[in-house]
C-alpha cells in the first residue's frame, strides 16, 4: 500500500510527467530500465513512472523528493511491541468438517 503523503507520486490524465529524486537502498544495485545504467548511491533524478513507483513501494529505492521538489518525510519509527505474558490464541481449524488433522487431542 502507498503510505500517507505519497499521493503526489501519481499523475492525472493530461498532466506532464514529473521527475523523482531517488537513491537505492544501501547494498542494492538498481539499474535504469531504459539503458541498464545503475543508479548512483548518492541518488539521481528519474522519470515518475510505474517502474520507479514499484521500486519505492517495495523499498528497493528511497524517495528523496517527488514531483515539484516535494520531499519525502522520514518514515516514523516503529514502536516496539511490549512483550506480553499471554500466549497467542490458537487459530481455528479452517479445513472444514470431516477433514483429518495431524494434531492429536
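The values are calculated or read from the model by the stated rules, or taken from the named source; none is laboratory data. The model shown is predicted, which means the values in this text are computed figures rather than measured ones. So basically every Cβ, Gly included, is an ideal-geometry build from the backbone, and we count neighbours across all protein chains shown.
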Inset, instruction - Evaluate the range 89-101: report whether one residue or more is outside any loop (DSSP other than H, G, I, E, B) and either surrounded by 10 or more Cβ atoms within 10 Å (Cβ to Cβ) or modelled with pLDDT of 70 or more (or both). - result: no
Inset, instruction - Hey, could you check the range 10-36 for residues that are under 15 Å from residue 52 (Cβ atoms) and at pLDDT below 55 and say which is nearest to the chain's Cα centre (by Cα)? - result: 10
Inset, instruction - Might you check whether a residue that is under 18 Å from the mean Cα position of the chain (by Cα), assigned to a loop (DSSP other than H, G, I, E, B), closer than 14 Å to residue 20 by Cα and modelled with pLDDT under 95 occurs anywhere in the range 52-59? - result: no
